[in-house]
1. State to the nearest 20 debye the size of the charge dipole of region 157-198 about its Cα centre, where the only charges are +1 on K and R beta carbons and -1 on D and E beta carbons.
2. Let me spell out the model: positive unit charges on the Cβ of Lys and Arg, negative unit charges on the Cβ of Asp and Glu, origin at the Cα centre of region 16-234. What dipole size does that give, in debye rounded to 20?
3. Report the label-to-label distance for ALA30 and ARG115 in nanometres (one decimal), using points 7 Å from each Cα along the Cα→Cβ vector.
4. Run a plain Debye calculation on region 97-160 (Cα atoms as equal point scatterers, no solvent) and give log10 I(q)/I(0) at q = 0.13, 0.16, 0.25 Å⁻¹, rounded to two decimals, same order as the q list.
5. Between the DSSP loop rule and a limit of at most 15 other Cβ atoms within 10 Å, which trypsin sites (Lys or Arg not before Pro) in region 33-123 are left?
6. Full extension from HIS229 to GLU191: what is 0.36 nm times the residue separation minus their Cα-Cα distance, to one decimal in nm?
7. On full extension of the chain, what length is gained from GLU139 through LYS73, given 0.36 nm per residue of separation minus the C-alpha to C-alpha distance?
8. What's the FRET efficiency of ASP51 with GLU176 using the Cβ-Cβ distance as r and R₀ = 25 Å, to the nearest 0.05?
Amino acid sequence: MNFLSRRQLRNPDRVFPVVLTKDNSPSVFAVGGHRQMDDGLRQLSDEIRRDAVIAKSVEVCVLEFGLDETVTKVVDFVSPAAFVPPPTKSSLTTPFYEAYARSVYEVLERQKTVREVEGRDYGHGWIFQWSDGRAGDTEKRSLALAAKSAAAKHGVETFFFGVGPKEHIDFAVLRELSQPERPPLWMPGVENFGKFFEWLRLSLQNRSQTRNGEPVELPNPFIDSNNPHGWAARA
């Protein structure tokens with residue numbers, strides 16, 4: 001089963017969380033990735049705010065690597081109307097494993113709060129994490145693997161993609177945490193971030209418009225001459 005067909009990305013609830021986990025390590029800054037991320041996030045924010053369907057169906061959370069070697073939540077779960085992504089700051093290291101685990105548990109905790117405290121239905125969640133996979137916190141690997149199991153148990157969908165020169169990306173790390181039916185993809189250059197965020201908007205739109213239990217069709221992410229929204233290649 002490939003990236004597009006999946007298990008078929010069920011949409012059991014109308015409101016669902018989306019977590020964007022940014023690799024803002026020095027290696028990404030060195031190739032200008034922070035500027036591309038910021039431009040893409042601003043574009044995404046503007047467009048999902050104007051989309052009436054997405055605006056009622058999505059909550060967005062943004063995590064990034066922190067200056068003190070931890071993971072920082074820079075945007076809590078907010079509606080598109082309140083989603084204002086802050087400028088990306090460079091971290092000192094790459095706490096990749098902690099970032100993934102934090103992403104999963106942020107979704108699960110939000111689900112629990114919404115369902116038990118607020119009494120509302122809440123979707124299973126999508127997590128998007130991009131990185132070169134060069135984890136600086138290998139001691140947190142077991143924590144990340146436990147989070148992977150928790151994500152599978154609770155239906156949290158995870159998307160990984162490597163950013164930058166292919167030879168500099170540790171795809172073994174990305175594959176280990178990826179769900180078996182959706183292997184990581186490769187973004188060949190940071191200039192493709194704009195197309196990624198447009199692809200993400202279209203994906204959110206498709207999910208927001210499906211009825212409960214229906215499969216969600218994802219746009220084709222792969223770069224080719226016939227796909228104006230292509231941003232990825234197979235790893």
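A short reminder: the numbers here are calculations on the coordinates, not readings from a lab. This structure is a prediction, so every number in the text was calculated from the model and none was measured. Positions of Cβ are backbone-derived with ideal geometry, glycine not excepted, and every protein chain shown enters the neighbour counts.
1. With Lys and Arg at +1 and Asp and Glu at -1, about 60 debye.
2. The calculated dipole for region 16-234 is roughly 300 debye.
3. In this crude spin-label approximation the distance works out to 4.4 nm.
4. -0.37, -0.53, -1.05
5. When the trypsin sites (Lys or Arg not before Pro) of region 33-123 are filtered for loop state and at most 15 Cβ neighbours within 10 Å, LYS89, ARG120 remain.
6. Fully extending the segment from HIS229 to GLU191 adds 12.4 nm.
7. Difference between extended and current length: 21.6 nm.
8. After rounding, the FRET efficiency stands at 0.10.
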